[in-house]
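This report refers to the structure that appears directly beneath it.
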Amino acid sequence: MTIFAELGLGEPLLLRLEQLAYATPTPVQVQAIPAVLAGRDVMAAAQTGTGKTAAFALPLLQRLSSEMAGAGGAGGAVNANCVRVLVLVPTRELAEQVHHSFRDYGENLSLSTYAAYGGVSINPQMMKLRKGVDVLVATPGRLLDLHRQNALKFSQVQTLVLDEADRMLDLGFAHELNAVFAALPKRRQTLLFSATFSDEIRALAGKRLDNPLRIDASPRNSTVKQIRQWVIPVDKKRKTELFCHLLKVNRWGQVLVFVKTRKGVEQLVQTLHGKKISADSIHGDKPQASRLQALESFKAGEAKILVATDVAARGLDIDDLPLVVNFDLPIVAEDYIHRIGRTGRAGAEGEAISLVCADEVDMLAAIEALTRQTLVREEEPDFVPEHRVPMTNGAGLVIKKPKKPKVPKSSRNAARGVPGNWVGFAAPAVKTGRPPRKKPTARRTPG
Ligand code: AMP
């Protein structure tokens with residue numbers, strides 16, 4: 001078994017890992033840490049919750065601090081408005097979280113770190129960058145804004161990390177990423193991390209990475225094994241009722257619930273509040289401060305239920321979350337993997353339940369094809385849907401019920417009690433067309 005000390009990390013980081021009770025490196029860390037330390041480009045596919053943040057943060061912190069020490073404290077210093085390691089992430093929440101990890105792991109080092117993202121005032125960020133920072137974690141749009149306003153220079157960037165790279169493309173950041181690549185120094189290290197790798201991502205890596213070490217720490221697009229997943233078929237209009245019922249009978253502790261739309265999120269939260277159940281929400285319409293506050297109060301165990309749109313699906317690290325509920329299935333199948341990855345983290349067990357209505361069967365089929373499994377269905381007594389959810393076969397196909405064979409006319413007559421093939425027997429006339437109009441009734445004049 002490999003231990004952290006064998007991977008080339010120095011004493012201050014090893015001490016910190018001991019304090020954090022990280023006993024052994026995870027598979028992605030075993031492969032990535034020595035490669036990043038050696039300055040190689042890396043393209044890593046790792047399941048959510050496998051420790052990929054530490055896989056890039058630890059060796060980058062190590063390199064930054066050795067450069068500082070090696071040059072007598074001067075050579076590795078960052079210049080005004082400059083940054084040495086740039087980490088790009090798709091969402092504000094992930095920016096905060098990754099930044100928090102850098103700070104946490106680097107507690108015994110004297111390196112500066114910062115997170116910059118949109119939705120908050122740019123001025124404090126510009127002020128903070130004046131002195132330069134060793135590690136900047138940023139979302140692509142705000143990063144480019146800061147660069148355009150000369151608050152940020154890329155000349156000292158030695159490593160670029162793309163975290164959740166596929167998500168960045170899903171969110172339409174391709175243009176911003178190209179602009180960042182165009183502005184960065186040509187000589188640099190590039191690390192690309194993602195839970196899932198689409199063909200688009202592979203193409204991006206082929207264009208932007210230099211002979212990368214490819215790490216596949218998990219079978220492609222598979223879901224974490226410790227997560228027990230199943231589906232409860234239900235009619236669309238009864239989802240809220242079913243959710244409240246399950247919450248009560250199963251006495252669920254903390255639950256992260258994913259709902260398709262912002263409106264849907266707020267409706268569910270209101271229903272729960274009406275039942276005196278503590279619930280909070282995260283979605284794109286909420287200001288950044290209240291999104292972070294909702295997350296913090298959920299993490300602290302103050303809110304029992306956190307209802308979110310897919311904005312919260314990626315990267316959020318919530319300790320020991322036992323249950324994720326897909327109130328609605330995600331439109332993009334990959335999001336299913338990210339959503340349920342919020343539970344069963346770092347080897348813990350978890351459950352993921354999806355409430356699926358007939359309309360969602362194509363999404364269910366796509367998820368099953370992507371994760372190469374047929375999800376178990378468990379009907380909830382009293383909630384068996386009127387609109388049955390068609391069967392799926394785990395290969396992306398919806399199995400439609402075979403149509404009833406057409407009954408020949410003669411046997412139809414037989415069923416109506418009309419003997420077939422009887423010459424001279426007239427079948428009863430079937431009335432067709434609109435019913436005769438009733439005679440208009442006389443209007444009563446107001447008395
Ligand atoms: P990540 O996949 O980076 O979001 O990490 C998931 C969780 O695993 C985080 O809570 C980390 O603190 C934790 N973690 C990362 N590496 C290790 C390790 N080697 N041993 C124990 N926990 C770890």
Quiz prompt | Semi-axis lengths, Å, the range 47-172, gyration tensor of Cα atoms, sqrt of 5 times eigenvalues | solution = 22, 19, 12
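Which entries of LYS52/LYS186; LYS276/LYS304; LYS131/LYS286 show an alpha-carbon separation above 20 angstrom in the structure shown?
Numbers: LYS52/LYS186 25 Å; LYS276/LYS304 11 Å; LYS131/LYS286 31 Å.
Checking Cα-Cα distances, LYS52/LYS186; LYS131/LYS286 exceed 20 Å.
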Quiz item: If r is the Cβ-Cβ distance from ARG214 to ARG188 and R0 is 22 Å, what FRET efficiency results, to the nearest 0.05?
Solution: 0.70
Quiz prompt | Per residue convex hull volume, Cα atoms of the range 3-216, in Å³ | solution = 112
Quiz item: Mean separation of Cα pairs under 8 Å and 6+ residues apart, divided by the residue count of the range 3-216: what relative contact order is that in percent?
Solution: 27
Quiz item: On average, how much area does the Cα convex hull of the range 123-260 cover when viewed from any direction, in nm²?
Solution: 13.0
Self-check item: Percent of C-alpha pairs per 10 Å bin, the range 227-399, short to long
Solution: 10, 41, 37, 12, 1
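With a sphere of radius 13 Å drawn around the Cβ of LEU17, what net charge do the other residues whose Cβ falls strictly inside it have (Lys, Arg +1; Asp, Glu -1)?
-4
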Self-check item: Amide H partners (placed H, <5 Å) of GLN189, local residues excluded
Solution: THR159, LEU160
Practice problem: Report the extension gain between VAL376 and VAL249 in nm, rounded to one decimal, defined as 0.36 nm multiplied by the number of residues separating them, less their alpha carbon distance. | Solution: 43.7 nm
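None of the figures in this text is laboratory data; all of them are computed from the coordinates on show. Everything quoted here is computed from the prediction, not taken from an experiment. No Cβ is skipped: glycine too gets one built from the backbone with ideal geometry, and neighbour counts run over all protein chains shown.
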